[in-house]
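The values are calculated or read from the model by the stated rules, or taken from the named source; none is laboratory data. Computed from a predicted structure; not experimentally measured. Methodologically, a virtual Cβ is constructed for each residue, glycine included, from the backbone with ideal geometry; neighbour enumeration extends over all protein chains shown. What goes into the accessible areas is simple: the full protein's heavy atoms, side chains included, and nothing from ligands, DNA or RNA. Shrake-Rupley method; radii C 1.70, N 1.55, O 1.52, S 1.80 Å.
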Amino acid sequence: MAKATRPCPCCSTETLTFVAGSRKEVERYADWKIDHGALCDTCTAKKREQDSLNAAEEAADKGLPTLRGTEKQVAWAETIRAELLAIAEKLTTAITLVQAGNVDAARAAYRDVPVTWQPSDFYFRNLNVSEDQVPEAALAVCRFLAEQQDAGWWIDFRGASFEALVKHFHTQVLDVLKGAPSAREIAEEVAVKPERPISALTAEISLGKEVITVAYPEKSAAFLEVVKPLGYRFEWEVRAHRMRVHPTMGSIEDRAAELMHKLLGGGFIVSCQRTEVREKALAASYEPIYPRWMCMKVRGRMAGWLHVLTRDGLDLSDDLRPLKARSDYYCDNSWFVRPQHYATLLDMAEVHDFRLTDGAWQALKKAQVADEAALLAQSLPDAPSATANTREPDQVAPAGIDPELRDD
């Protein structure tokens with residue numbers, strides 16, 4: 001075994017000793033411990049005392065209840081409570097954002113929540129808590145956590161996972177949920193009814209970052225006649241129809257508003273939590289999908305090619321076949337063209353009013369720059385050839401020995 005010593009970074013008087021298997025390993029281990037805040041026993045005790053005082057002051061500022069217990073218990077429990085409540089605060093923020101429909105911000109907030117604290121439906125399944133009530137149940141656990149006053153309780157639950165807290169507070173959580181509205185009740189509050197509904201059931205629309213989900217409680221041919229032409233497909237994992245919104249399809253709010261508008265026109269009761277979507281659907285003010293696009297193919301066999309897509313029946317086969325373009329047989333009037341044909345593609349975009357994605361524009365620009373560089377290289381004069389004979393062509397080497405060099 002090898003040993004290494006380091007002075008305490010705080011007081012510089014005490015010495016810290018580290019042990020490891022080899023000299024190289026112990027030196028690396030000692031440096032790592034110092035970088036991560038290793039202190040001597042005296043400085044560690046002072047730091048713990050100061051952290052406890054800071055946590056107590058912060059708790060008082062937030063209006064948290066005063067902890068009960070011995071002096072040492074309270075000093076230790078203050079830091080434990082501060083750590084757990086900081087995690088609970090992050091979790092509360094993330095759940096609140098989800099309930100408000102701000103999915104992007106919620107996803108970013110969840111990244112700051114430890115994995116052991118991210119609530120799962122599984123935690124509540126054995127407590128007869130429905131999936132719709134999980135967010136409210138998780139918020140209730142966070143509230144009950146902040147109300148604890150016993151210092152010994154905090155010490156017992158130091159480093160506790162969210163699952164352990166759910167099991168501990170399950171009785172109080174169930175009491176709270178008895179009067180809490182379900183997701184179904186909330187959906188009914190924002191449901192929009194047509195003049196003559198064909199059913200009392202509600203189609204629920206929800207929006208993700210790039211995916212729209214629409215769920216209907218029963219099989220319905222009329223429902224399928226509305227959603228399938230729009231591109232929605234049934235997914236067994238979520239028991240609902242979904243559609244991924246690509247950049248060539250406009251904003252996800254416009255596509256959700258279009259779906260809601262057509263479902264209302266088909267006689268369905270529709271609910272959506274997004275106010276913007278409901279307003280656009282009722283006013284039919286959503287932007288339709290633009291039919292003509294050029295975009296960059298970034299995956300699959302045709303990666304690096306330009307995707308020329310038309311949704312309005314425009315036939316470009318005569319223009320594109322001479323460019324050795326390839327047709328997509330799974331989609332009418334969908335072609336893939338190499339960006340080296342930038343001049344023809346740009347002319348076509350101007351004549352037929354195509355829109356270009358940023359990726360397509362960058363690909364065409366890159367191809368143009370490369371082509372111009374190649375033309376410039378072709379216009380340069382030929383480089384001179386290197387030769388060992390530097391004598392002029394009309395010069396002839398003298399034969400024999402120079403008379404001046406002959407011996408007399």
For this session: Being basic (Lys, Arg) and surrounded by fewer than 17 Cβ atoms within 10 Å (Cβ to Cβ) is the filter; apply it to the stretch 237-277 and report the residue that is farthest from SER199 (Cα to Cα).
Result: ARG244
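Yes/no per residue for (1) under 16 Å from ILE95 (Cα atoms); (2) of a type outside the set (Gly, Ala, Ser); (3) assigned to a helix (DSSP H, G or I); (4) at pLDDT 85 or above:
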{"site": "VAL134", "(1), (2), (3), (4)": "yes, yes, yes, no"}
{"site": "ALA140", "(1), (2), (3), (4)": "yes, no, yes, yes"}
{"site": "ARG143", "(1), (2), (3), (4)": "yes, yes, yes, yes"}
{"site": "GLN148", "(1), (2), (3), (4)": "no, yes, no, yes"}
For this session: Six or more apart or on different chains, Cβ under 8 Å: which pairs go from a residue in the stretch 158-173 that's under 18 Å from VAL115 (Cβ atoms) and open to solvent by less than 70 Å² (accessible area, probe 1.4 Å) to one that's part of a helix (DSSP H, G or I) and of a type outside the set (A, V, I, L, M, F, W, C)? Could you list them?
Result: SER161/THR116; PHE162/THR116; PHE162/TYR123; GLU163/THR116; GLU163/TYR123; VAL166/TYR123
Exercise. Which number in (1) in contact (Cβ under 8 Å) with a residue 40 or more places away in the chain; (2) under 29 Å from GLN340 (Cβ atoms); (3) open to solvent by 10 Å² or more (accessible area, probe 1.4 Å) marks the one condition that ARG301 misses?
Worked result: (1)
Seminar exercise, completed: Considering residues that are crowded, with 20+ Cβ neighbours inside 10 Å and under 31 Å from the mean Cα position of the chain (by Cα), the number found within the stretch 217-226 is 1
Exercise. Taking the condition touching a Gly at 6+ places or on another chain (Cβ under 6 Å) and either open to solvent by less than 100 Å² (accessible area, probe 1.4 Å) or at pLDDT 85 or above (or both), does GLU287 pass?
Worked result: yes
Exercise. Of the conditions (1) without any contact (Cβ under 8 Å) to a residue 40 or more places away in the chain; (2) within 17 Å of ALA203 (Cα to Cα); (3) out of contact with any His (no Cβ under 6 Å at 6 or more places or on another chain); (4) of a type outside the set (Phe, Trp, Tyr), GLU225 fails just one. Which one is it?
Worked result: (1)
